[in-house]
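Undergrad: Okay, handing you the structure first.
The values are calculated or read from the model by the stated rules, or taken from the named source; none is laboratory data. None of the values given here were measured: they were computed from a predicted structure. Note that we place each Cβ from the backbone using ideal geometry, even for glycine, and neighbour counts take in every protein chain shown. Heavy atoms of the whole protein, side chains included, go into the accessibility calculation; ligands, DNA and RNA do not. Shrake-Rupley method; radii C 1.70, N 1.55, O 1.52, S 1.80 Å.
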Amino acid sequence: MPKAKISRSHIIQASLKTLSTCQSLEHFSMRKVATTLDIDASTIYWYFANKQALLQAMADEITAEIAFPNAKLNWQEQLRQVFNNIFDVYTAHPHSAELMIETVPTSKVRLTLINHIIEILVKAGFSETQAFSAMSTIDFFLTGLIIDLSKEKQLQSGLANKQDSYAHTQFQQAKKVSTDEKLEHIQNSLNNQNIHSPKFQFEGGLKLILNGLMADLSPE
């Protein structure tokens, strides 16, 4: 029988803690979770049939932290609020964006969130098809940006510590080419990345998407 002090909740929390120390979701394992809990890996199987089942539970736990938007706001502000909430929760849990991609939304908590976002758009006047497409577009942008920023952070860390000399050389080469060839937009982009926070980049992109949605909804 499993140890009395171990519970499903303990395992999920330990799994999130373990994931935060991994370089990527690919490096996460049930054996590492067992090490975090100081138990035998076989104990985890009393609660989770396999690694995928554990990942699903971790995704549900993270989703449960996402607050729904204020229903009194207009639909654009509701979307801004809920996706900003998602962004904050995802960035608080390393590799959570990867985790969402690698799991299927089958639980009440995840399906309810998706349903609520679609409902905001349908009430605004979009069709079910348009609403699902709009939600998916924002979600792809959000998860893709977070994963990209995470990879970029790892790369920059390696560059700063000069752990990857080839990558460091390539980065310097990119800066040289953009300067020599007077590629001003590339130079501006590189400078802006260093100035603006990830949240600022996300909000800027989200604003562009919402402006497009408003234009699509407006009568010609």
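Undergrad: Carbon-plus-sulfur fraction of the accessible area of the chain, 1.4 Å probe, in percent? Display every interim value, and only then the final one.
TA: Working: 7140 of 13210 Å².
So the carbon and sulfur contribution to the accessible surface is 54 percent.
Undergrad: Still on this model: For the chain, with every protein chain kept in place, what is the accessible area per residue (1.4 Å probe, Å²)?
TA: Result: 60 Å² per residue.
Undergrad: Still on this model: Give the Cα extents of segment 1-128 along the principal axes, in whole Å, largest first.
TA: Cα extents, longest axis first: 53, 27, 23 Å.
Undergrad: When a/c reaches 1.5 or more, the comparison of a/b and b/c decides; with that in mind, is segment 78-150 rounded, prolate or oblate per its Cα gyration tensor?
TA: prolate
Undergrad: Hey, another quick one. What is the dipole size for the chain, taken about its Cα centre, with +1 at each Lys and Arg Cβ and -1 at each Asp and Glu Cβ, in debye to the nearest 20?
TA: Numbers: 20 positive and 22 negative charges, 145 e Å.
So the dipole magnitude of the chain works out to roughly 700 debye.
Undergrad: Another question about this same structure. Ranked from the most accessible area to the least, with a 1.4 Å probe and all protein chains present, what is the order of 80, 8, 110?
TA: The ranking, largest first, comes out as 8, 80, 110.
Undergrad: Compute, for segment 61-123, the length of the dipole vector about the Cα centre, with Cβ point charges of +1 (Lys, Arg) and -1 (Asp, Glu) only. Units Debye, rounded to 20.
TA: 300
Undergrad: For the chain, with the dipole built from +1 on Lys and Arg beta-carbon atoms and -1 on Asp and Glu ones, taken about the Cα centre, which of 134, 111, 90 lies farthest toward the positive end?
TA: 90
Undergrad: In addition: Could you tell me the relative contact order of the chain? Use alpha-carbon pairs under 8 Å, at least six residues apart, and round to a whole percent.
TA: Averaging sequence separation for qualifying contacts and normalising by length gives 16 percent for the chain.
Undergrad: Sort the chain into rounded, prolate or oblate with this rule: let a ≥ b ≥ c be the square roots of the eigenvalues of the Cα gyration tensor; rounded if a/c is under 1.5, and if a/c is not under 1.5, prolate when a/b is larger than b/c, oblate otherwise. It would help to have the intermediate numbers written out before the result.
TA: Details: a/c = 2.90, a/b = 1.14, b/c = 2.55.
Here the chain falls in the oblate category.
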